[in-house]
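The values are calculated or read from the model by the stated rules, or taken from the named source; none is laboratory data. Quantities reported herein were computed from a predicted structural model and do not represent experimental measurements. FYI the Cβ positions are ideal-geometry reconstructions off the backbone, even for glycines, and counts take in every protein chain you see. These area figures cover heavy atoms from the full protein model, side chains too; ligands, DNA and RNA do not enter into them. Shrake-Rupley method; radii C 1.70, N 1.55, O 1.52, S 1.80 Å.
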There are 2 protein chains.
Amino acid sequence: MPHLLLKDLPRYECLLEAAKEFPELDPSAAEAFLHLLRTGDEAFGVIDRNFSRHGISQGRFSVLMLLWRCANPDHPLGGAGAADCPAPSTPAELAEAAGVTRATMTGLIDTLERDGFVKRLPDPDDRRMMSVRLTARGGKFLQQFLPGHFKAVGAIMRPLSESERKTLVRLLGKIQLRAAALNSAPGPAAAPAG
Amino acid sequence: MPHLLLKDLPRYECLLEAAKEFPELDPSAAEAFLHLLRTGDEAFGVIDRNFSRHGISQGRFSVLMLLWRCANPDHPLGGAGAADCPAPSTPAELAEAAGVTRATMTGLIDTLERDGFVKRLPDPDDRRMMSVRLTARGGKFLQQFLPGHFKAVGAIMRPLSESERKTLVRLLGKIQLRAAALNSAPGPAAAPAG
DNA sequence: GGCTGACGGTTAGGCTCCTAACGAAAAGCG
DNA sequence: CGCTTTTCGTTAGGAGCCTAACCGTCAGCC
(Lines give C-alpha, C1' and ligand atoms only; values in the text may rest on other atoms or scores of the structure.)
Protein backbone atom coordinates (compact mmCIF):
# COMPACT_ATOMS: atom_id res chain seq x y z
CA MET A 1 0.00 0.00 0.00
CA PRO A 2 1.03 3.50 -0.75
CA HIS A 3 1.66 6.40 1.56
CA LEU A 4 2.33 6.11 5.17
CA LEU A 5 -0.19 7.77 7.37
CA LEU A 6 -0.73 8.02 11.06
CA LYS A 7 -3.12 5.38 12.17
CA ASP A 8 -4.97 7.68 14.51
CA LEU A 9 -5.57 11.14 13.20
CA PRO A 10 -5.27 14.08 15.59
CA ARG A 11 -8.61 15.22 16.86
CA TYR A 12 -10.01 18.54 15.91
CA GLU A 13 -9.67 19.92 19.43
CA CYS A 14 -5.99 19.03 19.36
CA LEU A 15 -5.56 20.89 16.12
CA LEU A 16 -7.28 23.89 17.64
CA GLU A 17 -4.91 23.68 20.57
CA ALA A 18 -1.87 23.37 18.33
CA ALA A 19 -2.99 26.33 16.24
CA LYS A 20 -2.33 28.54 19.24
CA GLU A 21 1.34 27.76 18.90
CA PHE A 22 1.52 27.65 15.11
CA PRO A 23 -0.47 30.50 13.63
CA GLU A 24 0.10 29.01 10.18
CA LEU A 25 -1.98 25.98 11.12
CA ASP A 26 -5.55 26.18 9.85
CA PRO A 27 -7.40 23.58 11.91
CA SER A 28 -10.27 22.89 9.55
CA ALA A 29 -7.90 22.73 6.59
CA ALA A 30 -5.63 20.30 8.39
CA GLU A 31 -8.57 18.17 9.42
CA ALA A 32 -9.94 18.00 5.90
CA PHE A 33 -6.51 17.32 4.48
CA LEU A 34 -5.80 14.45 6.84
CA HIS A 35 -9.19 12.93 6.17
CA LEU A 36 -8.67 13.21 2.46
CA LEU A 37 -5.34 11.40 2.46
CA ARG A 38 -6.53 8.89 4.96
CA THR A 39 -9.72 8.04 3.12
CA GLY A 40 -7.97 7.84 -0.21
CA ASP A 41 -5.49 5.45 1.30
CA GLU A 42 -8.12 3.28 2.86
CA ALA A 43 -10.22 3.18 -0.29
CA PHE A 44 -7.20 2.34 -2.38
CA GLY A 45 -6.33 -0.39 0.09
CA VAL A 46 -9.63 -2.13 -0.66
CA ILE A 47 -9.09 -2.36 -4.38
CA ASP A 48 -5.38 -3.01 -3.91
CA ARG A 49 -6.24 -6.12 -1.94
CA ASN A 50 -8.39 -7.11 -4.88
CA PHE A 51 -5.49 -6.38 -7.21
CA SER A 52 -2.99 -8.50 -5.34
CA ARG A 53 -5.52 -11.32 -5.08
CA HIS A 54 -5.31 -11.45 -8.85
CA GLY A 55 -1.57 -10.96 -8.96
CA ILE A 56 -1.49 -7.48 -10.43
CA SER A 57 -0.80 -3.98 -9.18
CA GLN A 58 -2.35 -0.60 -9.80
CA GLY A 59 0.36 0.25 -12.30
CA ARG A 60 -0.09 -2.93 -14.26
CA PHE A 61 -3.85 -2.51 -14.19
CA SER A 62 -3.57 0.98 -15.63
CA VAL A 63 -1.43 -0.27 -18.49
CA LEU A 64 -3.84 -3.06 -19.27
CA MET A 65 -6.79 -0.67 -19.30
CA LEU A 66 -5.01 1.72 -21.61
CA LEU A 67 -4.08 -1.07 -23.97
CA TRP A 68 -7.55 -2.52 -23.82
CA ARG A 69 -9.03 0.72 -24.99
CA CYS A 70 -6.50 0.65 -27.78
CA ALA A 71 -7.37 -2.90 -28.74
CA ASN A 72 -11.13 -2.30 -28.60
CA PRO A 73 -11.78 1.29 -29.68
CA ASP A 74 -15.49 0.65 -29.25
CA HIS A 75 -15.09 0.38 -25.53
CA PRO A 76 -15.51 3.72 -23.83
CA LEU A 77 -13.44 2.74 -20.80
CA GLY A 78 -9.77 2.86 -20.14
CA GLY A 79 -8.80 6.47 -19.97
CA ALA A 80 -9.94 9.75 -21.39
CA GLY A 81 -13.01 10.16 -23.51
CA ALA A 82 -13.33 8.08 -26.60
CA ALA A 83 -13.64 11.14 -28.79
CA ASP A 84 -10.16 12.53 -28.19
CA CYS A 85 -8.75 9.03 -27.84
CA PRO A 86 -5.34 8.79 -29.48
CA ALA A 87 -5.06 5.13 -28.45
CA PRO A 88 -1.70 5.06 -26.70
CA SER A 89 0.37 2.08 -27.71
CA THR A 90 4.05 3.00 -27.48
CA PRO A 91 5.81 2.93 -24.11
CA ALA A 92 6.26 6.69 -24.20
CA GLU A 93 2.58 7.30 -24.85
CA LEU A 94 1.56 4.82 -22.20
CA ALA A 95 3.89 6.46 -19.70
CA GLU A 96 2.42 9.85 -20.49
CA ALA A 97 -1.14 8.58 -20.21
CA ALA A 98 -0.51 6.71 -16.98
CA GLY A 99 1.47 9.53 -15.43
CA VAL A 100 4.72 7.64 -14.85
CA THR A 101 8.18 7.92 -16.32
CA ARG A 102 9.27 5.99 -19.38
CA ALA A 103 11.66 4.03 -17.22
CA THR A 104 8.85 2.89 -14.97
CA MET A 105 6.78 1.95 -17.99
CA THR A 106 9.62 -0.21 -19.25
CA GLY A 107 9.54 -2.15 -16.00
CA LEU A 108 5.76 -2.50 -16.07
CA ILE A 109 5.77 -3.77 -19.64
CA ASP A 110 8.60 -6.12 -18.75
CA THR A 111 6.59 -7.92 -16.11
CA LEU A 112 3.37 -7.80 -18.13
CA GLU A 113 5.16 -9.33 -21.09
CA ARG A 114 6.76 -11.93 -18.84
CA ASP A 115 3.27 -12.88 -17.65
CA GLY A 116 1.98 -13.02 -21.23
CA PHE A 117 -0.51 -10.18 -20.89
CA VAL A 118 1.11 -7.92 -23.50
CA LYS A 119 3.68 -8.21 -26.23
CA ARG A 120 6.12 -5.79 -27.79
CA LEU A 121 6.14 -5.30 -31.57
CA PRO A 122 8.78 -3.29 -33.39
CA ASP A 123 7.50 -0.32 -35.33
CA PRO A 124 8.10 -0.85 -39.05
CA ASP A 125 8.51 2.86 -39.80
CA ASP A 126 10.60 4.06 -36.89
CA ARG A 127 13.14 1.60 -35.62
CA ARG A 128 13.39 3.44 -32.29
CA MET A 129 9.79 2.73 -31.45
CA MET A 130 7.96 -0.24 -30.07
CA SER A 131 4.27 -0.96 -30.22
CA VAL A 132 2.74 -2.63 -27.19
CA ARG A 133 -0.29 -4.82 -27.74
CA LEU A 134 -2.65 -6.61 -25.44
CA THR A 135 -2.55 -10.37 -25.94
CA ALA A 136 -5.63 -12.57 -25.97
CA ARG A 137 -4.65 -13.71 -22.52
CA GLY A 138 -4.45 -10.12 -21.31
CA GLY A 139 -7.88 -9.33 -22.67
CA LYS A 140 -9.32 -12.44 -21.11
CA PHE A 141 -7.83 -11.50 -17.79
CA LEU A 142 -9.50 -8.10 -17.89
CA GLN A 143 -12.85 -9.61 -18.81
CA GLN A 144 -12.64 -11.83 -15.77
CA PHE A 145 -11.20 -9.24 -13.43
CA LEU A 146 -13.27 -6.15 -14.15
CA PRO A 147 -16.66 -7.26 -12.77
CA GLY A 148 -15.18 -7.92 -9.34
CA HIS A 149 -13.24 -4.71 -9.49
CA PHE A 150 -16.31 -2.65 -10.31
CA LYS A 151 -18.19 -4.43 -7.60
CA ALA A 152 -15.54 -3.47 -5.06
CA VAL A 153 -15.61 0.16 -6.16
CA GLY A 154 -19.37 0.17 -5.81
CA ALA A 155 -19.12 -1.36 -2.36
CA ILE A 156 -16.80 1.39 -1.18
CA MET A 157 -19.13 4.14 -2.33
CA ARG A 158 -22.33 2.50 -1.23
CA PRO A 159 -22.73 4.62 1.93
CA LEU A 160 -23.09 7.74 -0.21
CA SER A 161 -26.31 8.74 -1.93
CA GLU A 162 -26.31 9.97 -5.50
CA SER A 163 -26.47 13.61 -4.44
CA GLU A 164 -23.73 13.07 -1.87
CA ARG A 165 -21.53 11.60 -4.55
CA LYS A 166 -22.13 14.61 -6.72
CA THR A 167 -21.25 16.91 -3.85
CA LEU A 168 -18.11 14.94 -3.11
CA VAL A 169 -16.96 15.08 -6.70
CA ARG A 170 -17.58 18.81 -6.79
CA LEU A 171 -15.60 19.49 -3.63
CA LEU A 172 -12.78 17.19 -4.65
CA GLY A 173 -12.67 18.91 -8.00
CA LYS A 174 -11.98 22.23 -6.32
CA ILE A 175 -9.13 20.78 -4.32
CA GLN A 176 -7.73 18.93 -7.29
CA LEU A 177 -7.66 22.05 -9.40
CA ARG A 178 -5.93 23.90 -6.64
CA ALA A 179 -3.43 21.14 -5.95
CA ALA A 180 -2.61 20.78 -9.62
CA ALA A 181 -1.89 24.48 -9.78
CA LEU A 182 0.32 24.28 -6.71
CA ASN A 183 2.10 21.26 -8.09
CA SER A 184 2.91 22.88 -11.39
CA ALA A 185 3.92 26.15 -9.74
CA PRO A 186 7.70 26.37 -9.34
CA GLY A 187 7.63 28.49 -6.20
CA PRO A 188 8.88 27.45 -2.74
CA ALA A 189 6.74 26.24 0.15
CA ALA A 190 4.51 29.31 0.30
CA ALA A 191 1.73 29.38 -2.24
CA PRO A 192 0.36 32.23 -4.30
CA ALA A 193 -2.79 33.63 -2.82
CA GLY A 194 -4.88 33.46 -6.00
CA MET B 1 4.86 9.97 -5.35
CA PRO B 2 2.65 7.13 -4.42
CA HIS B 3 0.01 5.38 -6.46
CA LEU B 4 -0.14 5.40 -10.15
CA LEU B 5 -3.22 6.87 -11.62
CA LEU B 6 -4.45 7.59 -15.09
CA LYS B 7 -3.62 11.13 -15.98
CA ASP B 8 -6.95 11.74 -17.64
CA LEU B 9 -9.91 10.25 -15.85
CA PRO B 10 -12.70 8.69 -17.91
CA ARG B 11 -15.58 11.04 -18.37
CA TYR B 12 -18.91 10.35 -16.80
CA GLU B 13 -20.59 9.70 -20.13
CA CYS B 14 -17.97 7.09 -20.89
CA LEU B 15 -18.68 5.39 -17.61
CA LEU B 16 -22.36 5.39 -18.44
CA GLU B 17 -21.55 3.84 -21.77
CA ALA B 18 -19.32 1.20 -20.19
CA ALA B 19 -21.96 0.35 -17.62
CA LYS B 20 -24.09 -1.06 -20.43
CA GLU B 21 -21.50 -3.76 -20.91
CA PHE B 22 -20.59 -4.27 -17.26
CA PRO B 23 -23.70 -4.26 -15.13
CA GLU B 24 -21.47 -4.30 -12.04
CA LEU B 25 -20.16 -0.86 -12.88
CA ASP B 26 -21.87 1.89 -10.92
CA PRO B 27 -21.02 5.04 -12.87
CA SER B 28 -21.42 7.58 -10.09
CA ALA B 29 -19.52 5.35 -7.68
CA ALA B 30 -16.68 4.91 -10.12
CA GLU B 31 -16.56 8.62 -10.81
CA ALA B 32 -16.42 9.49 -7.12
CA PHE B 33 -13.85 6.80 -6.48
CA LEU B 34 -11.53 7.98 -9.24
CA HIS B 35 -11.82 11.56 -8.11
CA LEU B 36 -11.06 10.57 -4.54
CA LEU B 37 -7.86 8.74 -5.40
CA ARG B 38 -6.83 11.32 -7.88
CA THR B 39 -7.36 14.26 -5.54
CA GLY B 40 -5.66 12.54 -2.67
CA ASP B 41 -2.70 11.87 -4.89
CA GLU B 42 -2.49 15.41 -6.13
CA ALA B 43 -2.85 16.87 -2.65
CA PHE B 44 -0.22 14.53 -1.32
CA GLY B 45 2.04 15.54 -4.18
CA VAL B 46 1.99 19.14 -3.00
CA ILE B 47 3.18 18.41 0.50
CA ASP B 48 5.51 15.70 -0.76
CA ARG B 49 7.30 18.29 -2.84
CA ASN B 50 7.62 20.29 0.35
CA PHE B 51 8.94 17.20 2.13
CA SER B 52 11.62 16.44 -0.41
CA ARG B 53 12.68 20.07 -0.48
CA HIS B 54 13.61 19.55 3.15
CA GLY B 55 15.11 16.15 2.59
CA ILE B 56 12.51 14.07 4.37
CA SER B 57 9.68 11.77 3.38
CA GLN B 58 6.17 11.19 4.66
CA GLY B 59 7.35 8.21 6.67
CA ARG B 60 10.19 10.07 8.32
CA PHE B 61 7.89 13.00 9.03
CA SER B 62 5.38 10.75 10.76
CA VAL B 63 8.07 9.31 12.99
CA LEU B 64 9.37 12.74 13.92
CA MET B 65 5.87 13.94 14.79
CA LEU B 66 5.22 10.91 16.95
CA LEU B 67 8.50 11.34 18.77
CA TRP B 68 7.92 15.04 19.15
CA ARG B 69 4.68 14.43 20.95
CA CYS B 70 6.57 12.05 23.16
CA ALA B 71 9.31 14.57 23.87
CA ASN B 72 6.85 17.42 24.55
CA PRO B 73 3.71 15.92 26.08
CA ASP B 74 2.29 19.42 26.35
CA HIS B 75 2.02 19.66 22.60
CA PRO B 76 -1.31 18.43 21.37
CA LEU B 77 -0.03 17.56 17.92
CA GLY B 78 1.61 14.50 16.57
CA GLY B 79 -0.93 11.77 16.58
CA ALA B 80 -3.99 10.79 18.52
CA GLY B 81 -5.55 12.89 21.20
CA ALA B 82 -3.36 13.95 24.06
CA ALA B 83 -5.64 12.31 26.59
CA ASP B 84 -5.17 8.73 25.47
CA CYS B 85 -1.57 9.44 24.48
CA PRO B 86 0.67 6.55 25.43
CA ALA B 87 3.70 8.38 23.98
CA PRO B 88 5.11 5.78 21.61
CA SER B 89 8.86 5.52 21.83
CA THR B 90 9.92 1.98 20.97
CA PRO B 91 10.19 0.89 17.32
CA ALA B 92 7.28 -1.49 17.73
CA GLU B 93 5.03 1.20 19.19
CA LEU B 94 6.08 3.67 16.52
CA ALA B 95 5.38 1.13 13.81
CA GLU B 96 1.94 0.47 15.24
CA ALA B 97 1.14 4.17 15.55
CA ALA B 98 2.39 4.99 12.08
CA GLY B 99 0.73 2.00 10.49
CA VAL B 100 3.83 0.34 9.04
CA THR B 101 5.64 -2.88 9.80
CA ARG B 102 8.41 -3.11 12.34
CA ALA B 103 10.84 -3.85 9.55
CA THR B 104 9.94 -0.61 7.81
CA MET B 105 10.28 1.27 11.06
CA THR B 106 13.77 -0.10 11.51
CA GLY B 107 14.71 1.39 8.15
CA LEU B 108 13.13 4.74 8.94
CA ILE B 109 14.89 4.98 12.28
CA ASP B 110 18.13 3.98 10.59
CA THR B 111 18.13 6.92 8.25
CA LEU B 112 16.77 9.33 10.87
CA GLU B 113 19.54 8.31 13.24
CA ARG B 114 22.12 8.61 10.49
CA ASP B 115 20.92 12.18 9.90
CA GLY B 116 21.07 12.94 13.60
CA PHE B 117 17.34 13.56 14.09
CA VAL B 118 16.79 10.71 16.53
CA LYS B 119 18.88 8.39 18.64
CA ARG B 120 18.41 4.89 19.92
CA LEU B 121 18.77 4.18 23.64
CA PRO B 122 18.82 0.66 25.09
CA ASP B 123 16.06 -0.09 27.56
CA PRO B 124 17.59 -0.76 30.98
CA ASP B 125 14.79 -3.13 32.02
CA ASP B 126 14.22 -5.17 28.88
CA ARG B 127 17.32 -5.88 26.87
CA ARG B 128 15.28 -6.66 23.76
CA MET B 129 13.86 -3.16 23.61
CA MET B 130 15.17 0.10 22.35
CA SER B 131 13.91 3.56 23.18
CA VAL B 132 13.92 6.08 20.36
CA ARG B 133 14.31 9.74 21.27
CA LEU B 134 14.16 12.94 19.30
CA THR B 135 17.47 14.79 19.40
CA ALA B 136 17.76 18.55 19.79
CA ARG B 137 18.52 18.72 16.11
CA GLY B 138 15.38 16.77 15.27
CA GLY B 139 13.25 19.09 17.37
CA LYS B 140 14.83 22.14 15.79
CA PHE B 141 14.13 20.73 12.36
CA LEU B 142 10.45 20.30 13.15
CA GLN B 143 10.18 23.82 14.54
CA GLN B 144 11.58 25.16 11.29
CA PHE B 145 9.68 22.82 9.02
CA LEU B 146 6.17 22.84 10.44
CA PRO B 147 5.12 26.43 9.65
CA GLY B 148 5.77 25.94 5.95
CA HIS B 149 4.07 22.57 6.05
CA PHE B 150 0.95 23.97 7.66
CA LYS B 151 0.97 26.81 5.20
CA ALA B 152 1.02 24.34 2.31
CA VAL B 153 -1.86 22.38 3.79
CA GLY B 154 -3.83 25.57 4.17
CA ALA B 155 -3.08 26.52 0.59
CA ILE B 156 -4.47 23.26 -0.70
CA MET B 157 -7.73 23.64 1.18
CA ARG B 158 -8.16 27.32 0.54
CA PRO B 159 -10.78 26.88 -2.23
CA LEU B 160 -13.16 25.31 0.27
CA SER B 161 -15.28 27.29 2.69
CA GLU B 162 -15.63 26.25 6.28
CA SER B 163 -18.98 24.59 5.67
CA GLU B 164 -17.65 22.85 2.57
CA ARG B 165 -14.78 21.46 4.61
CA LYS B 166 -17.22 20.14 7.17
CA THR B 167 -19.27 18.51 4.44
CA LEU B 168 -16.17 16.99 2.89
CA VAL B 169 -15.01 15.55 6.19
CA ARG B 170 -18.44 14.11 6.81
CA LEU B 171 -18.65 12.43 3.41
CA LEU B 172 -15.10 11.16 3.61
CA GLY B 173 -15.83 9.79 7.04
CA LYS B 174 -18.61 7.64 5.64
CA ILE B 175 -16.34 6.22 2.98
CA GLN B 176 -13.50 5.69 5.38
CA LEU B 177 -15.66 3.76 7.78
CA ARG B 178 -16.91 1.62 4.94
CA ALA B 179 -13.47 1.05 3.48
CA ALA B 180 -12.02 0.16 6.85
CA ALA B 181 -14.75 -2.42 7.29
CA LEU B 182 -14.08 -3.85 3.85
CA ASN B 183 -10.36 -3.91 4.51
CA SER B 184 -10.66 -5.81 7.73
CA ALA B 185 -13.23 -8.22 6.29
CA PRO B 186 -11.60 -11.47 5.22
CA GLY B 187 -14.03 -12.20 2.42
CA PRO B 188 -13.26 -12.25 -1.31
CA ALA B 189 -13.88 -9.46 -3.80
CA ALA B 190 -17.58 -9.20 -3.20
CA ALA B 191 -18.63 -7.21 -0.18
CA PRO B 192 -21.39 -7.74 2.36
CA ALA B 193 -24.37 -5.62 1.54
CA GLY B 194 -24.76 -4.04 4.98
C1' DG C 1 26.67 13.72 -47.57
C1' DG C 2 28.13 14.58 -42.47
C1' DC C 3 27.25 16.89 -37.80
C1' DT C 4 24.49 18.15 -34.23
C1' DG C 5 20.47 17.94 -31.55
C1' DA C 6 16.20 15.72 -30.16
C1' DC C 7 13.70 11.67 -29.20
C1' DG C 8 12.65 6.50 -28.08
C1' DG C 9 13.53 2.67 -25.06
C1' DT C 10 16.53 0.72 -21.84
C1' DT C 11 19.74 0.21 -18.01
C1' DA C 12 21.83 1.27 -13.42
C1' DG C 13 21.29 2.71 -8.86
C1' DG C 14 18.56 4.66 -5.10
C1' DC C 15 14.50 5.12 -1.98
C1' DT C 16 10.43 3.34 0.42
C1' DC C 17 7.51 0.00 1.31
C1' DC C 18 6.44 -5.03 1.91
C1' DT C 19 6.85 -10.33 3.63
C1' DA C 20 9.52 -13.99 5.69
C1' DA C 21 12.77 -15.45 8.63
C1' DC C 22 16.30 -14.92 12.09
C1' DG C 23 18.73 -14.57 16.98
C1' DA C 24 18.22 -12.68 21.53
C1' DA C 25 15.59 -11.96 25.44
C1' DA C 26 11.43 -12.32 28.33
C1' DA C 27 7.30 -14.80 30.07
C1' DG C 28 4.42 -18.90 30.94
C1' DC C 29 4.32 -23.48 32.72
C1' DG C 30 5.53 -28.26 33.89
C1' DC D 1 15.03 -25.06 37.17
C1' DG D 2 14.38 -26.42 31.90
C1' DC D 3 11.28 -26.00 28.00
C1' DT D 4 8.17 -23.76 24.92
C1' DT D 5 5.97 -19.67 23.26
C1' DT D 6 5.86 -14.93 22.57
C1' DT D 7 7.90 -10.57 21.66
C1' DC D 8 11.63 -7.34 20.11
C1' DG D 9 14.56 -5.53 16.70
C1' DT D 10 16.93 -6.69 12.77
C1' DT D 11 18.27 -8.73 8.33
C1' DA D 12 17.45 -10.58 3.52
C1' DG D 13 15.07 -10.34 -0.61
C1' DG D 14 11.39 -8.54 -3.59
C1' DA D 15 8.27 -4.99 -5.94
C1' DG D 16 7.28 -0.40 -7.50
C1' DC D 17 8.50 4.09 -8.13
C1' DC D 18 12.04 7.62 -9.13
C1' DT D 19 16.35 10.19 -11.49
C1' DA D 20 20.40 10.07 -14.35
C1' DA D 21 22.82 8.25 -17.83
C1' DC D 22 23.20 5.33 -21.88
C1' DC D 23 22.86 3.86 -26.97
C1' DG D 24 20.49 3.68 -31.27
C1' DT D 25 17.71 6.28 -34.45
C1' DC D 26 15.49 10.15 -36.68
C1' DA D 27 15.47 15.08 -38.26
C1' DG D 28 17.39 19.63 -39.28
C1' DC D 29 21.02 22.24 -41.28
C1' DC D 30 25.25 23.43 -43.52
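Being more than 7 Å from DNA strand D (Cβ to nearest atom), touching a residue at least 40 places away in the same chain (Cβ under 8 Å) and within 13 Å of chain A (Cβ to nearest Cβ) is the requirement here; does residue B:155 meet it?
yes
Within the stretch B:107-127, which residues are within 10 Å of DNA strand D (Cβ to nearest atom), within 28 Å of residue A:34 (Cβ to Cβ) and more than 18 Å from the chain's Cα centre (by Cα)? If you could, list the steps in order and put the result at the bottom.
Step one: of the stretch B:107-127, the residues within 10 Å of DNA strand D (Cβ to nearest atom) are B:107-110, B:113, B:120, B:122-123, B:126-127.
Now narrow it down to the ones that are within 28 Å of residue A:34 (Cβ to Cβ): B:107-110, B:113.
Within the stretch B:107-127, B:110, B:113 meet the criteria.
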Take residue B:169 and decide whether it is away from DNA strand D (no atom under 16 Å from the Cβ), of a type outside the set (Lys, Arg) and at pLDDT 90 or above.
-> yes
Any residue in the stretch A:17-35 that's within 15 Å of residue B:148 (Cα to Cα): show its pairings with residues that are among the basic types (Lys, Arg) at Cβ separation under 6 Å, as long as the two are six or more apart or on different chains.
-> A:24/B:151
Name the pairs: first residue in the stretch A:88-103 and free of Cβ contacts under 8 Å to residues at least 24 places away in the same chain, second residue within 12 Å of DNA strand D (Cβ to nearest atom) and among the acidic types (Asp, Glu), Cβ to Cβ under 8 Å, at least 6 apart or on different chains?
-> A:88/A:96
Selection within the stretch A:15-65 - at the interface with chain B (Cβ under 7 Å from one of its Cβ atoms), open to solvent by less than 40 Å² (accessible area, probe 1.4 Å) and over 17 Å from residue B:41 (Cα atoms) = A:18, A:22, A:25, A:28, A:50
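Residue-wise test of (1) among the hydrophobic types (A, V, I, L, M, F, W, C); (2) surrounded by 15 or more Cβ atoms within 10 Å (Cβ to Cβ).
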{"site": "A:109", "(1), (2)": "yes, yes"}
{"site": "A:114", "(1), (2)": "no, no"}
{"site": "A:117", "(1), (2)": "yes, yes"}
{"site": "A:135", "(1), (2)": "no, yes"}
{"site": "A:143", "(1), (2)": "no, no"}
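If you scan the stretch A:97-107, which residues turn out to be near DNA strand C (Cβ under 9 Å from one of its atoms) and surrounded by fewer than 20 Cβ atoms within 10 Å (Cβ to Cβ)? Working first, answer last.
First, pick out the residues of the stretch A:97-107 that are near DNA strand C (Cβ under 9 Å from one of its atoms): A:101-107.
The answer is A:101, A:102, A:103, A:104, A:106, A:107.
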